[in-house]
1. Looking at the structure I just gave you, is residue 24 modelled with pLDDT of 95 or more and assigned to a loop (DSSP other than H, G, I, E, B)?
2. Collect the residues in the stretch 57-83 that are under 12 Å from residue 128 (Cβ atoms), touching a helix residue (DSSP H, G or I) at 6+ places or on another chain (Cβ under 8 Å) and not small (Gly, Ala, Ser), keeping them in residue-number order.
3. Any chance the stretch 67-79 includes a residue that's surrounded by 14 or more Cβ atoms within 10 Å (Cβ to Cβ), out of contact with any Cys (no Cβ under 7 Å at 6 or more places or on another chain), farther than 24 Å from residue 114 by Cβ and hydrophobic (A, V, I, L, M, F, W, C)?
4. Give the residues of the stretch 99-131 that are at pLDDT 95 or above, open to solvent by less than 40 Å² (accessible area, probe 1.4 Å) and within 18 Å of residue 44 (Cα to Cα), sorted by residue number.
5. Looking at this structure, is residue 56 modelled with pLDDT of 95 or more, surrounded by fewer than 16 Cβ atoms within 10 Å (Cβ to Cβ) and hydrophobic (A, V, I, L, M, F, W, C)?
6. Please list, ordered by first then second residue, the pairs with beta carbon atoms under 7 Å, 6 or more apart or interchain, first in the stretch 120-131 and under 16 Å from residue 83 (Cβ atoms), second assigned to a helix (DSSP H, G or I) and not hydrophobic (A, V, I, L, M, F, W, C).
7. In the stretch 84-98, is there at least one residue being of a type in the set (S, T, N, Q), surrounded by fewer than 12 Cβ atoms within 10 Å (Cβ to Cβ), out of contact with any helix residue (DSSP H, G or I) (no Cβ under 9 Å at 6 or more places or on another chain) and modelled with pLDDT under 95?
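The values are calculated or read from the model by the stated rules, or taken from the named source; none is laboratory data. The model shown is predicted, which means the values in this text are computed figures rather than measured ones. Backbone-built Cβ (ideal geometry, glycine too); neighbour counts: all protein chains shown. For the accessible areas, the whole protein counts, side chains as well, though only heavy atoms, and no ligand, DNA or RNA atoms are used. Shrake-Rupley method; radii C 1.70, N 1.55, O 1.52, S 1.80 Å.
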Amino acid sequence: MLRLTLIILCLSIILTSCGSNTTPAGNVKTIANPSDSIVKSDTISVATSSERAADLIVGNDCRNCHREREKLIGPAFSEIARKYNLSDVDSLAAKVIRGGSGHWGQTAMAPHPALSLDDAKEIVKFILRFR
């Protein structure tokens, strides 16, 4: 009975934290590099975005392991965006589809073989805006 109570408590904490996507007020969108064709912003949010990529992130299991600006099981989207740029979209999209580990520690990212390459690229481009 105690074990069941603890499991329910942990699940409720996890589910509650999934909806917390607050950012400080007054942040401004900037273009970090003139060669980048996407706007990078610290005000972007999966929860409030109406973009298809945000729906793809929510519809797949991305938020089970990733948060926008804090590490969960996998790196935060903002960490990924600081490490990679638009020239990495193809390789990152392929990594999302096939899964793997080694770049961010030993925890493996689950593969997403049902995700199309175009959808994976759309997700990656959206994530790269979390600088």
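1. It is false that residue 24 is modelled with pLDDT of 95 or more and assigned to a loop (DSSP other than H, G, I, E, B).
2. 77, 80
3. Yes, there is a match, as at least one residue in the stretch 67-79 is surrounded by 14 or more Cβ atoms within 10 Å (Cβ to Cβ), out of contact with any Cys (no Cβ under 7 Å at 6 or more places or on another chain), farther than 24 Å from residue 114 by Cβ and hydrophobic (A, V, I, L, M, F, W, C).
4. Those that are at pLDDT 95 or above, open to solvent by less than 40 Å² (accessible area, probe 1.4 Å) and within 18 Å of residue 44 (Cα to Cα): 123, 124, 126, 127, 128.
5. Spelling it out, it is not the case that residue 56 is modelled with pLDDT of 95 or more, surrounded by fewer than 16 Cβ atoms within 10 Å (Cβ to Cβ) and hydrophobic (A, V, I, L, M, F, W, C).
6. 130/78; 131/78; 131/82
7. no
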